[in-house]
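Asks: Please read through the structure below; I'll follow up with questions.
The values are calculated or read from the model by the stated rules, or taken from the named source; none is laboratory data. Because the structure is predicted, anything quoted here is derived from the model rather than measured. Every residue, glycine among them, receives a Cβ derived from its backbone with ideal geometry; neighbour counts consider all protein chains shown.
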Amino acid sequence: MNISLSRYLKISFFNLLLVALVGVVMRYKILYSLPFVDQKHLLHGHSHFAFAGWITQTLMVLLVAYLSKETQKDEFIAYKNLLLANLFTAYGMLIAFPIQGYGLVSIIFSTLSVLISYLFAFKFWKDLNKLSNQSVTHYWFKAGLLLSVFSSAGTFGLAYMMANKIIHQNWYLAAVYFYLHFQYNGWFFFTCIGLFYAILPSQIITEIEFRKTFWLFALASVPAYFLSTLWMSLPIWVYVLVVVAGCLQLIAWAIFVRSIFKHRQIISEKLSRESKWLLSLCAFALTIKLSLQLGSTIPSLSQLAFGFRSIVIAYLHLVLLGVITMFLLGYIFSLNAFSVKKTTVCGVIIFATGIFLNELVLMLQGIASFSYTIIPYTNELLLCMALLMFSGILILLLSQLKK
């Protein structure tokens, strides 16, 4: 099983390298001429591949690894076709979107990607139910699968509007944020927490605090979508619901952190040094993210946040890189699926440094935007940060390919 897991994870990290490479090209395009590259189309390819080729593919692989551990069988054999099909659609979107944007071929690949996620959700749900050990971990996995399926409503709505040339800014943004929210606050987040619980001793996760955490996050997951639509004219009762959802998430996170801190000695023994600092970075980023979400319910702050592109980009990168990617790296190190060498650690440090500096520059750019102040050499710095992240992942990947 470890051999299968290691092979699939190497593919995942190669995909992350491609995501970083496209990020470098987009940053380069802002500064210098690349007439054959359509920036908007490339952005679609970058985002779709990051979701399908890096995060979703890796989560699927880690879920299959969890199932293999529980059944004591190599479940990668049973899931091989689904994993390869997801890769096929991810590469298809990476090629089609930069060429044609939302066209026939790219919509076909994105639709196939959604259908594969349905099949995976159905099969994995059935396999979870077959396990004799039914723990709170499975609540998180099942919620993640349900929200993954739910998020596709945004994808189909967006594809319909693009295919039929229906241009309505509010509908377009609402569909985009619907998909994004139920992916990174649903499928990604719930699955990651479930995976974290999977490495904890069984006597810990049976405690009532961990069940409370799940139900609070689950109750807040749907109304929290409207945190992404505060720029619209929402009824007062929806606004109140949004504030409650933001508070519930912070309360749930506080309960979770308190529970982990209470058992920190036992948990620390199960994690490597690299896992501990990566997961700590993830927890720090998630605390910032949940605090920013609640802060965005203040109308004046909400208008500023959604009014400046750099702030939106900084927030998305905070979630997808600072929270999700940092978690995946930390969790993968905890599985001992990779050989940890000096070059491996060096690559991770460079990558994490690139994420931190990228967020710092974007944050400063966003704050300066409030007073319409231009910070010199911002785009040059962001290009350097993109190159730093690319270099870190390249070093990490090469460290695993060397014999």
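Asks: Condition first: under 20 Å from the mean Cα position of the chain (by Cα), among the hydrophobic types (A, V, I, L, M, F, W, C) and buried (at least 20 other Cβ atoms within 10 Å of the Cβ). Now tell me which residues in region 344-384 satisfy that.
Replies: Selection gives VAL348, PHE351, ALA352, ILE355, LEU362.
Asks: Would you say ALA218 is closer than 20 Å to LEU146 by Cβ, at pLDDT 90 or above, among the small types (Gly, Ala, Ser) and surrounded by fewer than 20 Cβ atoms within 10 Å (Cβ to Cβ)?
Replies: yes
Asks: Related question: Which count do you get for residues in region 166-185 that are more than 26 Å from LEU321 (Cα to Cα) and assigned to a helix (DSSP H, G or I)?
Replies: Summing the residues that are more than 26 Å from LEU321 (Cα to Cα) and assigned to a helix (DSSP H, G or I) in region 166-185 gives 3.
Asks: Give, as residue ranges, the helices (runs of 4 or more DSSP H) completely inside region 257-321 that count at least 3 residues that are surrounded by 14 or more Cβ atoms within 10 Å (Cβ to Cβ), assigned by TED's automatic domain parsing to the domain that holds MET363 and at pLDDT below 90.
Replies: Of the helices (runs of 4 or more DSSP H) lying wholly inside region 257-321, those with at least 3 residues that are surrounded by 14 or more Cβ atoms within 10 Å (Cβ to Cβ), assigned by TED's automatic domain parsing to the domain that holds MET363 and at pLDDT below 90 span 273-295, 299-307, 309-317.
Asks: Please specify each residue of region 385-403 satisfying the condition of being surrounded by fewer than 20 Cβ atoms within 10 Å (Cβ to Cβ) and β-branched (Val, Ile, Thr).
Replies: ILE395, the sole residue that qualifies.
Asks: Now for a separate question. Which number in (1) of a type in the set (A, V, I, L, M); (2) surrounded by 15 or more Cβ atoms within 10 Å (Cβ to Cβ); (3) modelled with pLDDT of 95 or more; (4) assigned by TED's automatic domain parsing to the domain that holds LEU16 marks the one condition that LEU145 misses?
Replies: Going through (1) of a type in the set (A, V, I, L, M); (2) surrounded by 15 or more Cβ atoms within 10 Å (Cβ to Cβ); (3) modelled with pLDDT of 95 or more; (4) assigned by TED's automatic domain parsing to the domain that holds LEU16 one by one, LEU145 breaks only (4).
Asks: Within region 1-40, can you find the residues that are under 30 Å from SER68 (Cα atoms) and among the aromatic types (Phe, Trp, Tyr)?
Replies: TYR8, PHE13, PHE14
Asks: When the residues of region 129-165 are narrowed to those that are in a helix (DSSP H, G or I) and more than 23 Å from the chain's Cα centre (by Cα), which ends up farthest from LEU180 (Cα to Cα)?
Replies: LYS130
Asks: Right, next: Would you say ALA252 is touching a helix residue (DSSP H, G or I) at 6+ places or on another chain (Cβ under 6 Å) and either on the phi > 0 side of the Ramachandran plot or at pLDDT below 85 (or both)?
Replies: Taking the combined requirement at face value, the residue does not satisfy it.
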